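Each remark here refers to the structure printed beneath this line.
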């Protein structure tokens, strides 16, 4: 029985077509390239080798490259104006308020970014909790420990929390611990996905 809904933040609570995440990725690869002393393309290829072991590029940098300047990294890839492309979404607010369960957010981004995005969307006060990457000791989704830490804080079991994310391996990580996860596939690119999938956040009501 579902008792709580856990949402991803970026490209889940707003459309991927805003391009916010693409710009974050561009800044991230520029930062990584500068740190490693190579091109952005070479940095991306190096990162790809370990993609299966790490939930985020930051985790990879810390584990394999001895990176420690976490705050500088976060501030550089999440500048003050990063979410200026977003605007209040009163329809989404009404939708979330009408859901029959309390809602929280689990993101691999820092809390200040989550607060910024939520404010831009006009969703303040909607979410019971916001779980960020720092709270997960910089090892976030899809690690089982990140999910279990979140579930423990909510006082719920995995089967009682419905998780919605736009990243396939994050949803699959939640399914692996016995949770119910739904993939938000806005661009319909995961047609081979064998589990529950939606193309629009409002389609979530079909599963409640």
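Compared with the dominant Cα axis of the chain, that is its longest principal axis, helix 144-154 is turned about 50°.
Could you list the residues of the range 11-40 with an amide nitrogen less than 11 Å from a label point located 7 Å from the Cα of residue 187 in the Cα-to-C-beta direction? Residues 16-19, 22 qualify, since their backbone N sits under 11 Å from the label point.
Dividing the C-alpha radius of gyration of the range 20-77 by 2.2 N^0.38 Å, with N its residue count, gives 1.02. Our summary gives the chain a relative contact order of 25 percent, counting only alpha carbon pairs under 8 angstrom and 6 or more residues apart. If one computes the Cα centroid of the range 177-194 and of the range 115-138, what distance in Å separates the two points? Cα centroid of the range 177-194 versus Cα centroid of the range 115-138: 22 Å apart.
Summary value for the range 95-208: 17 percent relative contact order, contacts being C-alpha pairs under 8 angstrom separated by 6+ residues. You can think of it this way: the chain between residue 200 and residue 34 has 56.1 nm of extra reach, that is 0.36 nm per residue less the Cα-Cα gap. For the pair residue 1 and residue 76, what calculated FRET efficiency results from E = 1/(1 + (r/R0)^6), where r is the Cβ-Cβ distance and R0 = 35 Å, to the nearest 0.05? Efficiency computed from Cβ-Cβ geometry: 0.20.
To make sure I understand, if each residue's beta carbon is the centre and we count other beta carbons within 10 Å, what order do 171, 24 fall in, fewest to most? Could the numbers behind the result be given before it?
On the way: 171 28, 24 17.
Placing the least packed residue first, the sequence is 24, 171.
Between 0 and 90 degrees, the angle of helix 20-36 with respect to the longest Cα principal axis of the chain falls at about 30 degrees.
With a Förster radius of 22 Å, plug the Cβ-Cβ distance of residue 112 and residue 145 into 1/(1 + (r/R0)^6) and report the FRET value to the nearest 0.05.
Numbers: r = 23 Å, r/R0 = 1.04.
That gives a FRET efficiency of 0.45.
By count of other Cβ within 10 Å, fewest leading, how are 191, 169 ordered?
Numbers: 191 7, 169 12.
With the fewest neighbours first, 191, 169 line up as 191, 169.
Taking R0 as 35 Å, what's the FRET efficiency between residue 208 and residue 42 from their Cβ-Cβ distance, rounded to 0.05? About 0.15, to the nearest 0.05.
Under 15 Å from the 7 Å Cα→Cβ point of residue 93, by amide nitrogen: which residues of the range 126-165? In the range 126-165, the label zone of residue 93 (backbone N under 15 Å from the point 7 Å along Cα→Cβ) covers 126-127.
Values in this text are rule-based calculations from the coordinates and carry no lab data. Values in this document were obtained by computation on a predicted structure and should not be read as measured data. Cβ atoms come from the backbone with ideal geometry, glycine included; neighbour counts cover every protein chain shown.
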